[in-house]
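J.: One structure follows; several queries about it will come next.
The values are calculated or read from the model by the stated rules, or taken from the named source; none is laboratory data. Predicted model, so just to flag it, every value in this text is computed and none were measured. For neighbour counting, all protein chains shown are included, and Cβ atoms are generated from backbone atoms with ideal geometry for every residue, glycine included.
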Amino acid sequence: MSILLTGGLGYIGSHTAVALCKSGHQVVIYDDLSNSKVEVVKSIEKLTGIKIIFVKGSILDFDTFQTVLRDNNVDTVIHFAGLKAVADSVIYPIDYYEVNVGGAINVIKAMKEEQIKKFIFSSSATVYGTPIFLPINENHRKKAINPYGQTKLQIESILEDLARSDSSWRIACLRYFNPVGSHSSCLIGENPIDIPNNLMPRIVRVASGLEKELLVFGDDYPTADGTCERDYVHVEDLADGHLAALNNLGKQEQPLECFNLGTGQSCSVLELISAFENVTDLKVPKAISNRRSGDAATCYADVKKSREILNWEAKKSINEMCLSSWEYQNFIINKRLL
Ligand code: NAD
Ligand code: UD1
């Protein structure tokens, strides 16, 4: 039996593919390459010594997706594919609903037709909206504050209805907090087609001279140093979280469970910059600018449920996250210069 990863050549999917291969699973990747490169297939194979099956295709193409499910003896689908830039989702909401919600419906419908009922979904801490208590546990009320968040919330609702309609499904919604870092080999990492707006990729770009300075969005929040606090989690830990969720699916009593994947620790914007400067011995020029609309002051996970049920805990420190983000950026730049 194999595990199919939609969007498996992307940032989180590729790290998860490596973790799955290393623990003996046969991996099939279905990705349209809209935000990833086909060379990632070779990197995964080099890292694991295992051949994976890759099919280029979109989750919007129902027939091709169903054929891939049918032809590869798929047992479980891990659904990473989707659009993820919050600001873009405000400008192009229909694209986000089409790819994220429409795409998820296609994936689930094809699985239903093929009698495949094990599903792991890449959800996000964004489903909680602005936190009303901290740390955020899985029962925190859900509220979307932008179209991207709305798509994640809608997919979770669809999955809840599906689980209610047929209790033989086994579904895990994994709510990621702030994934950062890259694989220790530097063969895979965050290498999107577009320039990301998230904090760590921005720090790395400024440190490498690609941008002049980092804008810190607000220093007047009710936090210790006035800047926003987040729960950064290393992508290799996150990948292991998927493995833990997969192992748990077989024994999961309820058809659907949601799990927070974070460290349970918060780190401010200034703390992250300072950790990055310390471990890399570089300067990150910065300027304080206005608050970014929609940002919560503090957001971090209660990870008790993941620890107790999935037996999973993030292990890597903020310093390790900074170092691996920087090492990967260097690797990419050197590769381009060769
Ligand atoms: P990514 O963009 O690196 O990976 C997504 C992959 O999906 C890419 O390889 C892309 O080519 C592919 N894809 C996009 N549209 C597709 C389509 N229509 N058909 C087939 N493939 C398609 O993103 P990521 O950071 O790896 O995120 C993976 C998932 O995790 C996404 O659903 C995202 O919303 C969710 N998530 C990410 C973060 C984060 O910070 N990275 C946080 C929370 C949740
Ligand atoms: C963002 C998304 C969230 C998504 C997550 C994925 C928003 C509002 N939220 O979360 O839906 O799931 O990415 O990782 O976009 N910052 C700066 N300067 C920068 C960039 C960021 O000061 O150049 C600050 C932000 O104001 C924020 C913190 O850094 O306080 C983290 O930002 P970011 O990495 O974008 O993550 P989130 O906003 O937590």
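J.: Please go through the range 73-96 and pick out each residue that is more than 16 Å from ligand 2 (Cβ to nearest atom) and either surrounded by fewer than 18 Cβ atoms within 10 Å (Cβ to Cβ) or without any contact (Cβ under 8 Å) to a residue 24 or more places away in the chain (or both).
T.: Asn73, Asp75, Ile94, Asp95
J.: Turning to a different aspect of this structure: Which of the residues that make up the range 139-158 are within 15 Å of ligand 1 (Cβ to nearest atom) and assigned to a loop (DSSP other than H, G, I, E, B)?
T.: If we filter the range 139-158 for residues that are within 15 Å of ligand 1 (Cβ to nearest atom), which is where we start, we get 142, 144-156, 158.
Lys142, Ala144, Ile145, Asn146, listed by residue number.
J.: Residues that are farther than 30 Å from Glu160 by Cα, at least 1 per element: which strands (runs of 3 or more DSSP E) completely within the range 206-312 meet that? If you could, list the steps in order and put the result at the bottom.
T.: On the way: elements: 214-217, 232-234, 256-261, 286-289.
Those strands (runs of 3 or more DSSP E) span 214-217, 286-289.
J.: Pull up the range 167-226, narrow it to residues that are among the basic types (Lys, Arg) and over 25 Å from Ser43 (Cα atoms), then point me to the one that is nearest to ligand 1 (Cβ to nearest atom). Talk me through it step by step, then tell me what you get.
T.: The first filter runs over the range 167-226 and keeps only residues among the basic types (Lys, Arg), leaving 170, 175, 202, 205, 212.
From what's left, over 25 Å from Ser43 (Cα atoms): 170, 175, 212.
Values: Arg170: 20, Arg175: 8, Lys212: 24 Å.
The qualifying residue nearest to ligand 1 (Cβ to nearest atom) is Arg175.
J.: Evaluate the range 166-185: report whether one residue or more is assigned to a loop (DSSP other than H, G, I, E, B), surrounded by fewer than 20 Cβ atoms within 10 Å (Cβ to Cβ) and not assigned by TED's automatic domain parsing to the domain that holds Glu39.
T.: yes
J.: Can I ask one more? Given the criterion touching a residue at least 40 places away in the same chain (Cβ under 8 Å) and out of contact with any Leu (no Cβ under 9 Å at 6 or more places or on another chain), identify the matching residue among Cys258, Cys299, Cys267.
T.: Working: Cys258 fails: out of contact with any Leu (no Cβ under 9 Å at 6 or more places or on another chain); Cys299 fails: out of contact with any Leu (no Cβ under 9 Å at 6 or more places or on another chain).
Unique residue meeting the criteria: Cys267.
J.: Restricting attention to the range 9-40, and to residues there that are closer than 25 Å to Leu261 by Cβ and β-branched (Val, Ile, Thr), which single residue is farthest from ligand 2 (Cβ to nearest atom)?
T.: The qualifying residue farthest from ligand 2 (Cβ to nearest atom) is Val28.
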